[in-house]
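Contents: one structure, followed by commentary.
Read-outs: derived from the displayed coordinates by stated rules, not from any lab. Note that the coordinates shown come from a computational prediction; the quantities given were computed from them, not determined experimentally. Positions of Cβ are generated from backbone atoms using ideal geometry, with glycine treated the same way; all protein chains shown enter the neighbour counts.
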């Protein structure tokens, strides 16, 4: 029609009646969407990796909490230089356990940590050794070297020989707990005894009844023999207690009825039945006995 301007291409209506979107803008939007999708995929992969790392970290924390409890490591007791085999070995053992708990892995750290726990003669000895180290006369830069030097300096002489002599003389004379404890203490100072010799020595020191019982149970090593022996002790103790609390019958001297007297306490309990039977016995002895014909029997005197 006259007076109307022709429609521009951008404003041309689409077959559906909506305005058509230019191809350039559509392409730009498609590129933007693809770029966003790539970023989303990257973020998802990064989140997955962070989640995995977080789970690993939480697992490590749980393992540490299980291993160290509250995370506080108990402080060690310093070694004062006592020349006692068990005290020296206990200090060295505690030191190695402390290294594990405190995560001390390098040798220099182990040596420095062990030096801190010295007092008395042990600290004086280390001051002398430190002077020798400074003069390059000796090397103690590893825990193995320091441990051996401590043993050489503070370990008493002939420890194993004396322990073997004491072990040969050890016998089961008291309670089973005392025997097992003494045997275990001596074995700490003996390092090269075979398992068969340990079992044989332990069995030979037992009382005969205990040895026969362990042989009947066919124990094969020292640990099982000690466990079985301690069980025998508990049974024997219970049997003794039962015997002490069970009253035993006592025959009256006058030939009367039996009275009961407890063995648990010599000074306690009611002694009236026993006392009465004693009085009856004394009264019967005071009366002259009659012979078969009914005449009283004459008492025979003593002549010097």
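Some observations on this one:
- Given their separation in residues at 0.36 nm each and the Cα-Cα distance between them, residue 48 and residue 160 gain 34.2 nm when the chain is fully extended.
- Each 5 Å bin from 0 upward holds the following percent of the Cα-Cα pairs of the stretch 76-220: 2, 8, 15, 16, 13, 12, 10, 9, 7, 5, 2, 1, 0.
- Prolate/oblate/rounded label for the stretch 80-121 (Cα gyration tensor, a/c 1.5): oblate
- Per-residue extension of 0.36 nm, minus the Cα-Cα distance of residue 190 and residue 128, leaves a gain of 19.2 nm for this segment.
- Built from the Cα atoms of the stretch 85-154, the convex hull projects on average onto 4.5 nm², one quarter of its surface area.
- Residue exposure proxy: 203, 116, 176, ordered by other Cβ atoms within 10 angstrom of their Cβ from fewest to most, comes out as 116, 203, 176.
- Based on the Kirkwood approach, the hydrodynamic radius assigned to the stretch 159-243 is 13.3 Å, with every pair of different Cα atoms included.
- Fully extended contour minus Cα-Cα distance, from residue 139 to residue 197, at 0.36 nm per residue: 17.0 nm
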